[in-house]
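The values are calculated or read from the model by the stated rules, or taken from the named source; none is laboratory data. Note that the structure is predicted; figures quoted are calculated from it, not measured. With ideal geometry, Cβ positions are generated from the backbone for all residues, glycine too; neighbour counts draw on all protein chains shown. Only protein heavy atoms, including side chains, enter the accessible area calculation; ligands, DNA and RNA are left aside. Shrake-Rupley method; radii C 1.70, N 1.55, O 1.52, S 1.80 Å.
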Amino acid sequence: MKKFIFKTSLFVVPFAFLYVITSLFYSSSECPDLIRLGCFPNVFKECRNVFHDEFTRKIYFNKFSKRNNKTEKILTIGDSFSEQGNYGYTNYLAEKYGVLHMDRFISGNQIQTLYELLNGDFFEKQNIEYVILENVERSFVSNAKKIDSSKVMMTSQLDNLVRNRKLSKEDDADAFFSKKTIQFPFSMFRYYFSQNYLSNRYVYNVVLTRDDLFSIKENNLLFVYKDLSCLEENNDVVEVQKLNNVLNDLSNKLRGKKIKLIVLPAPDKYDLYYDYIADKTIFPRPLFFNHLGNLKKNYVYIDSKKILSAELESKKDIYFYDDTHWSPVASKIIVEEIKKAIN
């Protein structure tokens, strides 16, 4: 029996040690997403304390799924950059204007959904004057290629989607004997001793030339692998031209309903901080904003990369260090540009 216990302990004790390390430093929460996806140690838990007041702000915008009888001037439709709650651009904008936000569970592809709303009765039942179409850079071109501009979405269908939505809760707790218990400690070790690598097949960790871009004083950049994998089509001027044609078409259709389209691409984190990457040998320059900026537009264009890049020298934490998304700092800057466009 003693021999069995001894042999078993040779396996269990090291595993228990790895399990403790994982329990202490692994984050399974949705946010910060890069820490979770990259299996990095969550050692900067206090880095968001500077934004505490922003995280507790009152919600001013109105979600379609929880709408009331307010009259909104602006419709926002987008991805996760449009669903940052208290500290998102939608909320800051709603402090001055009536803002109705189309829930993301309704608009999986916001370009497609906007076509469907245009072909249905949605805008006839609303008093919308502006539509803000937000799309993260990495998926903007691909989203425009996956559309059927003839599809229709009636308000009754939207109401059914809201009514039938079922929230599923999953247990994210990791078992003692799990793959992550072995995987995470080694990913954590690599975080401290490796440079310019892809962690857990999801997140790049690359060295920067500066350590003052984020308030935690780290000279590395974390960004999702899709920021790189999208470059083949996003750097293709022909594909960007096709996207622009779709946006112009949407703008023309909205104008027929006396509504103005505001297009807001959200820069990939990789693109915004690209100039500060120390070794660009295996990291191509993103050209999406260069291509799109040169094209003729029938819509109001918010050149968010140019706007935010101009602030990098004077402001820290334009994007969160540990997340793919921009911070309240960027949200406020973007909102000021949207206000200028409306005024």
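How compact is the stretch 97-139 by the rule of thumb for globular proteins, expressed as Cα Rg over 2.2 N^0.38 Å? Walk me through the intermediate numbers first.
Numbers: Rg = 11.1 Å, N = 43, 2.2 N^0.38 = 9.2 Å.
Compactness ratio reported: 1.20.
Compute the distance in nm between two label points, each set 7 Å from the Cα along the Cα-to-Cβ direction, one at residue 236 and one at residue 249.
Label at residue 236, label at residue 249, 1.7 nm between them.
Listed here are the pairs 151/339; 145/332; 63/340; 280/332; 253/296; which of them are more than 26 Å apart at the Cα?
Details: 151/339 32 Å; 145/332 31 Å; 63/340 24 Å; 280/332 31 Å; 253/296 17 Å.
From 151/339; 145/332; 63/340; 280/332; 253/296, over 26 Å: 151/339; 145/332; 280/332.
Tell me, what is the per residue accessible area of the stretch 254-315 in Å², probe radius 1.4 Å?
Numbers: 2860 Å² over 62 residues.
Per residue, the stretch 254-315 has an accessible area of 46 Å².
Under the 0.36 nm per residue contour assumption, what length would be gained going from the current alpha-carbon distance of residue 332 and residue 307 to full extension? Working shown, then result.
On the way: separation 25, 0.36 × 25 = 9.00 nm, distance 1.15 nm.
Result: 7.8 nm gained on full extension.
Would you mind classifying the stretch 49-160 by shape? Square roots of the alpha carbon gyration tensor eigenvalues, ordered a ≥ b ≥ c; an a/c under 1.5 is rounded, otherwise it is prolate if a/b is larger than b/c and oblate if not. Please report the intermediate quantities before stating the final value.
Details: a/c = 2.28, a/b = 1.35, b/c = 1.69.
Because a/c hits 1.5 or more and a/b fails to exceed b/c, the stretch 49-160 counts as oblate.
Could you check the spin-label model distance between residue 105 and residue 297? Points 7 Å from the Cα along Cα→Cβ, value in nm.
So the two model labels end up 3.2 nm from each other.
Work out the FRET efficiency for residue 258 and residue 194 from their Cβ-Cβ distance, taking R0 = 45 Å, and round it to the nearest 0.05.
On the way: r = 56 Å, r/R0 = 1.24.
The pair residue 258/residue 194 has a calculated efficiency of 0.20.
In the stretch 192-255, which trypsin sites (Lys or Arg not before Pro) are in a loop and have at most 16 other Cβ atoms within 10 Å, using DSSP for the loop call?
Values: sites: 201, 210, 217, 226, 242, 253, 255; in loops: 201, 210, 217.
Those satisfying the criteria are 201, 210, 217.
With the crude spin-label approximation of a point 7 Å out along Cα→Cβ, what separation in nm comes out for residue 149 versus residue 290?
My value for the distance between the label points is 2.9 nm.
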